[in-house]
2 protein chains.
Amino acid sequence: MKLKEFAKKVGLSPTTVSRALSGYPEVSETTRARVAEAAMRLGYSPNVNAVRLKTGRAGAIGVVMGRAGEFHFAEFMAGMAERLVAEETDILVIPMADPNHEDEMQLYRRLVESRRVDAIIVHSPKPNDERIALLHELGMPFLVHGRSAIDVPHAWLDIDNEAAIKRATSHLIDLGHRRIAMINGRPGATYALHRDSGYRMALQSHGIEPDAQLIANGNFTDELGFRFARSFLEQPNPPTAFVAGSMMTALGVYRAVRSLGMQIGRDVSVIAHDDVFPYLTADNMVPSLSATRSSMRAAGTRCADLVLQLLSGRSPLEIHELWPVELILRESTGPARPSSP
Amino acid sequence: MKLKEFAKKVGLSPTTVSRALSGYPEVSETTRARVAEAAMRLGYSPNVNAVRLKTGRAGAIGVVMGRAGEFHFAEFMAGMAERLVAEETDILVIPMADPNHEDEMQLYRRLVESRRVDAIIVHSPKPNDERIALLHELGMPFLVHGRSAIDVPHAWLDIDNEAAIKRATSHLIDLGHRRIAMINGRPGATYALHRDSGYRMALQSHGIEPDAQLIANGNFTDELGFRFARSFLEQPNPPTAFVAGSMMTALGVYRAVRSLGMQIGRDVSVIAHDDVFPYLTADNMVPSLSATRSSMRAAGTRCADLVLQLLSGRSPLEIHELWPVELILRESTGPARPSSP
DNA sequence: GCAAATAGCCAAACCGTTTTCAATTTTAGA
DNA sequence: TCTAAAATTGAAAACGGTTTGGCTATTTGC
């Protein structure tokens, strides 16, 4: 049903009906109630496309999805959804063809120009991320999930990866570990750099020299967790502890350790980063996994919230949130055993 | 830049420009090329909201996301994205507030009325799924990922869960197993019923009576996999094999088996369903996991494809795809050991 | 009691396209 | 060369709302 038609049924002008439904103050409370009731009863709702054309708002927040099919992604979106469900805002998932840089920038440019979204959430930024520069230049509201060192004003929410990993590493050192391996995410993203930095800071503040032989980067898969852990453990001077980038990585590490006949928490300690997934919990692993923990879902919820604030006029400069990360100690960490000489 | 403005720069009428860009045949090849070039050079692209209002197309396919934050979801969407990236079609993720039935139907109704999507993909249908009836009634194009027995014409794509599980179960029986546990998904969805049916068919055709004590339903989480497997194994007459609903469930089962000092593939056999995730592969588990396998990503790609066909006029009645499921045998399955009497 | 202010409502313009219908130019046929 | 048919192009009318500015009633202030 169209506005005109509906307005006629209610016995009012389209103008008044439109205002009544949008909650403008110039319409009396009685009329508003009457209109609202009639809309509900007759099932009238404005054509979104007309509204969007007229108002220039798209009613959607864009999220660019890479090809990798990250398992974090669904959880983050579920969090966003939690916040947006009450709002009249959807999540628009934009597929990214190739992780090719040129194409990616083109994608963002077109996305902005197409006006399909009111705001964009940028994931896994790099220290000098051109997407941020571009979006700023194009005047598109956006929020960065993660951090960038780029000199362009932007809103962001990040977890304190550096502090988290520093603390995790320090804890391992306090337990007596000296050879601590680090399985990080893909190089380039700020979060990976921060984690690396936290790792190195912890080592160096205890006078331990980082060993390139114990540091690896790659996707968060169980397979890489296994391969890296296995190759580290087979070195002449193997690590006695691991810092792993994700739950999947941790699964791989567990397997590698076991496959060599060693025991997690006794022969080898493991701390991983846990984004809190309902389907795979650190607490239920055997032995239970010590983890740096921060809810990806909560981040999604908050990011959606912040984007809405951004859209209602709050300055990006005011929106900077750094979330602390918990360190939960469980059974996968234990004192270093005196190495056999 | 607006069409009018752009048309002026090119020295043509808005009409012709619009036609040139949309590929209508009435415009000469030379002009089309000229317009296309100018559009690229000047960065003109039509305002989507205007186009949508005028054409009535939304340019998006809707996917309703439950609160559960399924890990399958991201993979399916990544698959869709693979197909849609070349198309001018986005994925609209609609958050679902409560899994409350009333609300869910209301959500679908509103989604249709809002005209934000051209088509909807319905996941995990039930045998008599009211969403299907509703969408059909409202005349919204939709595709069901999974199957429903409802007597309403609809397009669907499903994997052959029944045959897959029947085959997996039969294989276990052939290996000599008689006590085979089944950890299925949440009850209600057709896929769970089909799996249950496949399981029972296999048992019964070998003269084995299904034992309710060995059948469980629940979310696909490692925790439930562990809990169910553990409780089954602690029964007086424990199972010697498991059919598990997902990779996460399998992780839990593995843990449970190990925690009781038994060995997967020797003391207990396991077959799980593998949706093929890049971050957790059956092949890399230890021992490697025998699995019924079907790529969730490929399903997403194909579903997107079929939806596009649906939108370009193909009848839903013609669109019925039942995908066979592979059974990959690895190390987690082995002959039943003679039980100690 | 009267002017001014305030509510409450409406007509019409506009958002930026697509598309119908008509006009114009080209091409083909005789 | 002229005419009918075909190929191009344009003007203007939608699409379905929101919003500006104006117009009546009704209050309010003095």
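The values are calculated or read from the model by the stated rules, or taken from the named source; none is laboratory data. Please read these numbers as outputs of a predicted model, since none were measured by experiment. Methodologically, a virtual Cβ is constructed for each residue, glycine included, from the backbone with ideal geometry; neighbour enumeration extends over all protein chains shown. Side chains included, ligands, DNA and RNA excluded: accessible areas come from the protein's heavy atoms. Shrake-Rupley method; radii C 1.70, N 1.55, O 1.52, S 1.80 Å.
Quick check: the angle from helix B:29-42's long axis to the longest principal axis of chain B, C-alpha only, nearest 10 degrees?
So the helix axis and the longest Cα principal axis differ by about 80 degrees.
Taking the Cα atoms only, what angle lies between the long axis of helix B:161-174 and the longest principal axis of chain B, rounded to 10 degrees?
Taking the Cα atoms of chain B, the angle to B:161-174 is about 20 degrees.
Assign unit charges at the C-beta atoms only (+1 for Lys and Arg, -1 for Asp and Glu), then state the dipole size of the stretch B:178-309 relative to its Cα centre in Debye, rounded to the nearest 20.
80
Applying a 10 Å radius around every beta-carbon, put B:320-327, B:178-185 in order of their mean neighbour count, most first.
The most tightly packed comes first, giving B:178-185, B:320-327.
Can you give the net charge of the other residues whose Cβ lies under 12 Å from the Cβ of A:Ala229, counting K and R as +1 and D and E as -1?
+1
Can you give the % of DSSP beta bridges in chain B that are antiparallel, to the nearest 5?
About 10 percent, rounded to the nearest 5.
Do any of A:Lys2/B:Lys4; B:Lys9/B:Lys54; A:Lys54/B:Lys2; A:Lys4/A:Lys54; B:Lys2/B:Lys54 go past 20 Å between their Cα atoms, and which?
A:Lys2/B:Lys4; B:Lys9/B:Lys54
Relative contact order (percent) for chain B, with alpha-carbon contacts under 8 angstrom and 6 or more residues of separation?
It comes to 17 percent, rounded to a whole number.
What per residue convex hull volume, in Å³, do the alpha-carbon atoms of the protein assembly as shown yield?
Residue-normalised Cα hull volume stands at 186 Å³.
Find the chain B residue whose Cβ sits closest to the rotation axis that carries B onto A, and give that distance in whole Å.
That would be B:Ala74, 2.
Using a 1.4 angstrom probe, figure out how much accessible area chain B has per residue, in square angstrom, rounded to the nearest whole.
Spelled out: the 1.4 Å probe surface of chain B, per residue, equals 43 Å².
Using the Cα centre of the protein assembly as shown as origin and beta-carbon charges of +1 (Lys, Arg) and -1 (Asp, Glu), tell me which of B:Met1, A:Ile215, A:Ala119 is placed farthest towards the positive end of the dipole.
Checking the options against the dipole of the protein assembly as shown, the answer is B:Met1.
For A:Met262, put the label point 7 Å out on the Cα→Cβ axis and report which residues of the stretch B:233-266 keep their amide N under 14 Å from it.
What the label zone holds, given the 14 Å backbone N cut-off, is no residue at all.
Starting from the 7 Å offset along Cα-to-Cβ, what nm value, one decimal, do you get for the label separation of B:Gln213 and B:Arg178?
1.4
Got a number for the accessible area of B:Met96? Probe 1.4 Å, square angstrom, nearest 10.
Approximately 30 Å² for this residue.
Ranked by accessible surface with a 1.4 Å probe, highest first, in what order do B:Tyr24, B:Tyr44, A:Tyr254 come?
B:Tyr24, B:Tyr44, A:Tyr254
Please average, across the residues of B:86-93, the number of beta carbons from any other chain that are within 10 Å of each residue's own beta carbon, and give a whole number.
Average neighbour count from other chains, rounded to a whole number: 5.
In square angstrom, rounded to the nearest 10, how much accessible surface does B:Thr16 have for a 1.4 Å probe?
Approximately 40 Å² of B:Thr16 is accessible to the 1.4 Å probe.
If you take the accessible area of A alone plus B alone and subtract the pair, what total do you get in square angstrom, rounded to 100, with a 1.4 Å probe?
Buried surface at the A/B interface: approximately 4600 Å².
Counting only other chains, and only Cβ atoms inside 10 Å, what mean value do you get across the residues of B:210-221?
The shielding value for this peptide is 1.
Using the alpha-carbon centroid of each, what span in Å lies between the stretch B:123-155 and the stretch B:14-38?
Cα centroid to Cα centroid, the span is 40 Å.
Determine the dipole magnitude for the protein assembly as shown: charges of +1 sit on the beta-carbon of Lys and Arg, -1 on that of Asp and Glu, nothing else is charged, the reference point is the Cα centre, and the result goes in debye to the nearest 20.
In debye, rounded to 20, the protein assembly as shown gives about 1000.
Estimate the FRET efficiency between A:Ala33 and B:Glu321 by the formula 1/(1 + (r/R0)^6), using the beta-carbon distance for r and 56 Å for R0, to the nearest 0.05.
Computed FRET efficiency for A:Ala33 and B:Glu321 comes out at 0.65.
Normalised by the residues of the stretch B:3-46, what does the relative contact order come to in percent, with Cα pairs under 8 Å and at least six apart?
For the stretch B:3-46, the relative contact order is 36 percent.
Would you check the accessible area of A:Glu331, probe 1.4 Å, heavy atoms only, in square angstrom rounded to 10?
Answer for A:Glu331: close to 110 Å² accessible.
Taking a cut-off of 23 Å between Cα atoms, list the lysines near B:Lys126, but don't count ones fewer than 8 places away on the same chain.
Counting by Cα, and skipping residues close in sequence, B:Lys126 has these lysines nearby: B:Lys166.
Report, by chain and number, residues whose modeled amide H sits under 5 Å from the one on B:Glu321, excluding near sequence neighbours (fewer than 5 apart, same chain).
B:Trp156, B:Leu157, B:Asp158
In nm, to one decimal, how far is the A:Asp151 label point from the B:Ala86 one, both placed 7 Å along Cα→Cβ?
Each label point lies 7 Å from its Cα, and together they span 4.4 nm.
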